[in-house]
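Following: one structure in structure tokens, then a few remarks.
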Amino acid sequence: MILGITGVFGSGKTTVARMFARYGYRHINTDLVGHRLLDGGPVKKKIIKEFGTSIIRKGKIDRRKLKDIVFYDHKSLIRLNRIIHPLIIKEIRAVVKSSKNKKIIVDGALLIETRCTGMFDKLIVAKVSKKEQLNRVLRKGKYTIEEIQNILKSQLSQKEKLKYADITLDNSKSLICTKKQVNEIVNRFEG
């Protein structure tokens, strides 16, 4: 069973994916795949060519500097996505194909936007209340309100994402509620 889990920024999709990992699912986090690719030779060169050397710090792409560019300029974000998203998808497909574990959960904010939902047996969309979403993101201390708004503008809305869901998981409440829903989903698949 290959599952995809997506949701808006701050929906807790990675937390949910980790819960599936406790049931033996191999967790593939698209953000981590992207971070690894950013430091790789060919991708790094393409991104430097596109955005200049000002994004380099200590020989690596400074993700904060890159983020400051792309989340304030939609055209820059599109250019970055054209470079990185096909490579992320290619790597995920390769990992899924070569994995001995056939229980896999792929966690990513842009699974729908990148049109890669066809690789999953089921797509789970984690939904969250606006209040809880904002609280979670601000608690991390990494983003300003303006940055959060810009990131959300670059994604489909929660309402739009829910249209693609095979399964909706309400992640607005306690971790206990979320664990219960994950358990119910796993039992449905493996029952």
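Here is how the numbers come out for the structure above:
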quantity	calculated
Antiparallel bridge percentage (DSSP; both residues within the chain; nearest 5)	10 percent
Test item: Cα-centred dipole of the chain, Lys/Arg +1 and Asp/Glu -1 on Cβ, debye	440 debye
Cross-link reach list, aspartates and glutamates versus K65, counting only Cα pairs under 14 Å and skipping chain neighbours closer than eight places	E50, D73, E147
Reachable lysines, given that their alpha-carbon falls under 21 Å from the alpha-carbon of K97 and they are not under 8 places away in the same chain	K122
Estimated 222 nm signal from helices in the chain, with DSSP H stretches of n ≥ 4 weighted -39500 (n - 2.57), rounded to 500	-16500 deg cm²/dmol
Entries in K46/K90; K67/K127; K100/K159 that, when Cα-Cα distance is taken, lie over 28 Å	K100/K159
Lys/Arg +1, Asp/Glu -1 at C-beta; the chain dipole; positive extreme among I55, L123, N150	I55
Rounded to 10°, Cα long-axis angle of helix 74-98 versus longest principal axis of the chain	50 degrees
In range of the label at K46: residues from the stretch 60-88 whose backbone nitrogen is under 18 Å from the point 7 Å along Cα→Cβ	61-63, 66-67, 70, 75-88
Gaussian network model of the chain, Cα within-10 Å springs - most flexible of I55, I145, I105	I145
The stretch 114-191: Cα Rg divided by the 2.2 N^0.38 Å rule of thumb	1.26
Of every Cα-Cα pair in the chain, the percent that sits beyond 22 Å	49 percent
Coordinate range along principal axes, alpha carbons of the stretch 1-42, Å, largest first	35, 23, 15
Added length on full extension, which subtracts the Cα-Cα distance from 0.36 nm per residue, N187 to T144	11.5 nm
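Any read-out appearing in this document is the output of simple, stated calculations on the displayed coordinates, not a laboratory observation. Just so you know, these numbers come straight off a predicted model, no measurement behind them. As a convention, Cβ positions derive from the backbone with ideal geometry for all residues, glycine included, and neighbour counts pool all protein chains shown.
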